[in-house]
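Novice: This is the structure I want to talk about, given as structure tokens.
The values are calculated or read from the model by the stated rules, or taken from the named source; none is laboratory data. Only a predicted model underlies this, so the values are computations on that prediction, with no experimental measurement involved. For neighbour counting, all protein chains shown are included, and Cβ atoms are generated from backbone atoms with ideal geometry for every residue, glycine included. The area values use the complete protein model at the heavy-atom level, side chains included, leaving out ligands, DNA and RNA. Shrake-Rupley method; radii C 1.70, N 1.55, O 1.52, S 1.80 Å.
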Amino acid sequence: MSIEHVIKRIAIFGSTGSIGIQALEVIQSNPDKFSVEILTAFSNDELLVQQAKKFKPNIVVIGDEKKYKAVQDALSSEDIKVFAGENALEEVAGMDCYDLMLAAIVGFAGLKPTLKAISTGKAIALANKETLVVAGDIVMNMAVENRVPVIPVDSEHSAIFQCLVGETRNRIEKVILTASGGPFLGRKTNYLVNVKREHALQHPNWRMGAKISIDSATLMNKGLEMIEAKFLFNLDPDQIQVVIHPQSIIHSMVQFEDGSIKAQMGMPDMKLPIQYALAFPKRIANDFPRYNFRKVHTLTFEDPDLRTFRNLALAMDALNKGGNLPCVMNAANELAVFAFLRNRIGFLEITDVIEKTMEKVSFIEEPTLEEYFDSDGEARNYAADIMKL
Ligand code: NAD
Ligand code: MG
């Protein structure tokens, strides 16, 4: 057998989510290239069991311990080990049965398993942007120490990564992150004050999990992505620009020292960056829809409205000040989005909660990992108090 045909063994952390499901579709289409070794979910035991029966991993983990027995019973006739709980997620991430982790858990919960995977030398395909927002310096330093590649799945960062192939010796002048603008592009505060979760969940170009859909509606997603870009590509804050591009055809751009700009383009379909990250450095032929220049003639660009979408302004502040501020912001945002999704607070209150929490939690310039965890906890407690959760 030639080296070309070595199968990459994949662990999908967060397999029942939007990214996880699409990753399994990619893997299913390429059985000669990938095998599934680990699948994890938080609470959707039925889908996890269904996926396990189909893809026959070594191990499954269900985060919610109350669901352990249901998963164990359903898989009793299969040769699959079943674990449950938060600690199991971390332990399993350290096991030697796989080569690459697709980090597709949403939020802060993805940090520990990802750190464990890096410390044990696994390659990372990173969808979980919150991991870098919370502790990007620690995560990337650990990746360098362990010679572990961190390959972005987020479409913008995949675009930048693809633009940088072959450019290792050339300095980046700036990166231009494109943003669709979300479902409320062009709207003002007087409109936003009344929007409900159902409106906010309707993204014009992408179908995604609930949390990132709300983040896209508030533009916090783009703020998280600026911070993600800083750590992934080792950039200064002023090298990162956001431009609204409602068609979502240019996924992001890199401008080099000579003024040349490279863009990566394609249809808005997460399967492409997922496949690229799993197969890197190779590209795999597929039949995903192609962009047709004869059909979409107009690509437009505009500045983001920072006065209306204040979450993006807050994220820029966190990006500039650094330290534990992005971690604090992320924690407040996670909790506020959770509350909004349960109709406990209004859309614009999300921003108020984040702003107050960022003012309240004490600033730490160079936090240790433990201090990041403490900052996260403190921010969550404070945000919960404000919202009376
Ligand atoms: P999702 O909500 O659809 O899925 C999240 C997954 O994480 C599920 O499998 C869930 O079981 C698991 N999970 C949730 N909370 C958990 C916890 N506390 N412990 C363990 N597991 C837990 O989310 P998604 O849209 O697939 O997004 C996943 C990540 O990828 C996010 O960080 C998101 O920002 C990023 N991302 C998503 C997209 C997209 O198109 N969906 C695009 C770019 C980046
Ligand atoms: Mg993105």
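Novice: I'm trying to understand the selection: among the residues of region 292-309, which are open to solvent by less than 40 Å² (accessible area, probe 1.4 Å) and either within 21 Å of LEU235 (Cβ to Cβ) or not assigned by TED's automatic domain parsing to the domain that holds PHE233 (or both)?
Specialist: PRO304
Novice: Based on what the data block shows, is VAL106 hydrophobic (A, V, I, L, M, F, W, C), within 14 Å of ligand 1 (Cβ to nearest atom) and assigned to a helix (DSSP H, G or I)?
Specialist: Here the answer is no, as VAL106 does not meet what is asked.
Novice: Related question: Looking at (1) within 16 Å of ligand 2 (Cβ to nearest atom); (2) part of a strand (DSSP E or B); (3) not small (Gly, Ala, Ser), which one does PHE83 not meet, given that it meets all the others?
Specialist: (1)
Novice: Among the residues of region 54-67 satisfying the criterion of being away from ligand 1 (no atom under 14 Å from the Cβ) and open to solvent by 30 Å² or more (accessible area, probe 1.4 Å), which is nearest to ALA277 (Cα to Cα)?
Specialist: PHE55
Novice: Would you confirm whether or not region 22-29 contains a residue that is at pLDDT 95 or above and within 16 Å of ligand 2 (Cβ to nearest atom)? Write out each step before concluding.
Specialist: First pass over region 22-29, keeping only residues at pLDDT 95 or above: 22-29.
Going one step further and asking which of them are within 16 Å of ligand 2 (Cβ to nearest atom), we end up with 22-23.
Within region 22-29, one or more residues are at pLDDT 95 or above and within 16 Å of ligand 2 (Cβ to nearest atom).
Novice: Report the residue count in region 8-53 for those that are open to solvent by 70 Å² or more (accessible area, probe 1.4 Å) and outside any helix (DSSP H, G or I).
Specialist: Counting residues in region 8-53 that are open to solvent by 70 Å² or more (accessible area, probe 1.4 Å) and outside any helix (DSSP H, G or I) gives 5.
Novice: Out of all the residues in region 204-215, which are modelled with pLDDT of 95 or more and either more than 10 Å from ligand 1 (Cβ to nearest atom) or open to solvent by less than 10 Å² (accessible area, probe 1.4 Å) (or both)?
Specialist: Once the filter is applied, which keeps residues that are modelled with pLDDT of 95 or more and either more than 10 Å from ligand 1 (Cβ to nearest atom) or open to solvent by less than 10 Å² (accessible area, probe 1.4 Å) (or both), region 204-215 yields SER213, ILE214, ASP215.
Novice: Also, I was wondering about something else. Please give the helices (runs of 4 or more DSSP H) falling wholly within region 146-236 in which 1 or more residues are more than 22 Å from VAL133 (Cα to Cα).
Specialist: By residue number, 155-164, 189-192, 197-200.
Novice: Could you tell me which numbered condition MET101 fails, if it satisfies all but one of (1) part of a helix (DSSP H, G or I); (2) of a type in the set (A, V, I, L, M); (3) under 17 Å from the mean Cα position of the chain (by Cα)?
Specialist: Result: MET101 fails condition (1) only.
Novice: While we're looking at this one, here's another question. For MET329, state whether it is open to solvent by 10 Å² or more (accessible area, probe 1.4 Å), of a type outside the set (D, E, K, R) and part of a helix (DSSP H, G or I).
Specialist: Answer is no for this residue.
Novice: Any idea how many residues of region 107-126 are closer than 27 Å to GLU366 by Cβ and within 16 Å of ligand 2 (Cβ to nearest atom)?
Specialist: Final tally of qualifying residues: 3.
Novice: Restricting attention to region 115-154, report how many residues are open to solvent by 10 Å² or more (accessible area, probe 1.4 Å) and of a type in the set (S, T, N, Q).
Specialist: Result for region 115-154: 4.
Novice: If you take the residues of region 89-98 that are surrounded by 23 or more Cβ atoms within 10 Å (Cβ to Cβ) and in a helix (DSSP H, G or I), which of them is farthest from ligand 2 (Cβ to nearest atom)?
Specialist: Ranking the qualifying residues of region 89-98, first place goes to VAL92.
The rows are residues; the columns are (1) open to solvent by less than 10 Å² (accessible area, probe 1.4 Å); (2) within 16 Å of ligand 1 (Cβ to nearest atom); (3) without any contact (Cβ under 8 Å) to a residue 12 or more places away in the chain; (4) of a type in the set (Lys, Arg).
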{"position": "LEU164", "(1), (2), (3), (4)": "no, no, no, no"}
{"position": "ARG169", "(1), (2), (3), (4)": "no, no, yes, yes"}
{"position": "PRO183", "(1), (2), (3), (4)": "no, yes, no, no"}
{"position": "ARG187", "(1), (2), (3), (4)": "no, no, no, yes"}
{"position": "ASN190", "(1), (2), (3), (4)": "no, no, yes, no"}
{"position": "VAL193", "(1), (2), (3), (4)": "no, no, no, no"}
{"position": "MET220", "(1), (2), (3), (4)": "yes, yes, no, no"}
{"position": "LEU224", "(1), (2), (3), (4)": "yes, yes, no, no"}
{"position": "PHE231", "(1), (2), (3), (4)": "no, yes, no, no"}
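Novice: Tell me which residues, restricted to region 260-286, are within 16 Å of ligand 1 (Cβ to nearest atom), open to solvent by 50 Å² or more (accessible area, probe 1.4 Å) and either modelled with pLDDT under 95 or outside any loop (DSSP other than H, G, I, E, B) (or both).
Specialist: Of region 260-286, the ones within 16 Å of ligand 1 (Cβ to nearest atom) are 264, 266-278.
Keeping just the survivors that are open to solvent by 50 Å² or more (accessible area, probe 1.4 Å) gives 267, 272.
Correct list: LEU272 only.
Novice: OK, next. Among the residues of region 233-284, what is the count of those that are touching a residue at least 60 places away in the same chain (Cβ under 8 Å), of a type in the set (Ser, Thr, Tyr) and out of contact with any Pro (no Cβ under 8 Å at 6 or more places or on another chain)?
Specialist: So the answer is 2.
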